[in-house]
1. Compute the long axis of helix 117-128 from its Cα atoms, compare it with the longest principal axis of the Cα atoms of the chain, and write down the angle in degrees, 0 to 90, nearest 10.
2. For the chain, what mean projected area does the convex hull of the alpha carbons give, in nm²?
3. What is the fewest-to-most order of 82, 31 by other Cβ atoms lying within 10 Å of their Cβ?
4. Considering only C-alpha atoms, what is the centroid distance from region 1-55 to region 61-78, in Å?
5. Express as a percent, rounded to the nearest 5, the fraction of DSSP beta bridges in the chain (both residues included) that run antiparallel.
6. Return the long-range amide H neighbours of residue 5 (sequence gap of 5 or more, or a different chain), with a cut-off of under 5 Å between placed amide H atoms.
7. Among 110, 64, 103, rank each residue by its count of other Cβ atoms within 10 Å, from fewest to most, as a rough exposure measure.
8. Which loop trypsin sites (Lys or Arg not before Pro) in region 1-90, with loop taken from DSSP, have no more than 12 other Cβ atoms within 10 angstrom of their Cβ?
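We did not get these values from a lab; they are worked out from the coordinates using the rules stated. All of these numbers come straight from a predicted model, not from anything done at the bench. Quick reminder, even Gly has a Cβ in these numbers, built from the backbone with ideal geometry, and neighbours come from all protein chains shown.
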Amino acid sequence: MVLVVAINKEKNPLFTSDERIVLIEKCVVDIKNVRVSSFNGLVVDYAKSEEAVAIIRGLRHVSDFEFEFQMAMMNYNLNPEITSMFMMPDERYIHLNSTVIKDVARLGGDISDYVPESVKSALLENFRS
């Protein structure tokens, strides 16, 4: 399995793609057959270059489904050999997104139940700077 960090020039992420890769690697270090990478471009092209058979995406809300469905159909048209699969979070986490987590951390709230310790530490360090 390849966990992929997408490089999106239109967004201004809190961490660089290299920093995000390191954080994810710390989170999956004990999971066999998982590798972390980044790409810039169409995810379906990246999946093909990795000889992947599926793209797995997360869905939280109906609005996520609308966007992801459009992307899945486009990816299918670009490469019908790569399947799009969707996973939903546990209901305890359905309300979360990166903005909520960053806002809670920035304002001194406890995010321990929502992110791994390495991510929590990196967020808190970033907000102290």
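1. Helix 117-128 sits at roughly 60 degrees to that axis.
2. Numbers: hull surface 34.9 nm².
Across all orientations, the chain yields a mean hull projection of 8.7 nm².
3. Values: 82 20, 31 9.
Ascending Cβ contact count within 10 Å gives the list 31, 82.
4. For region 1-55 versus region 61-78, the Cα centre distance is 19 Å.
5. Bridges in the chain that DSSP calls antiparallel: roughly 0 percent.
6. 37, 38, 39
7. 110, 103, 64
8. Working: sites: 9, 11, 20, 26, 32, 35, 48, 57, 60; in loops: 9, 11, 32, 60.
Hits after loop and neighbour filter: 9, 11, 32.
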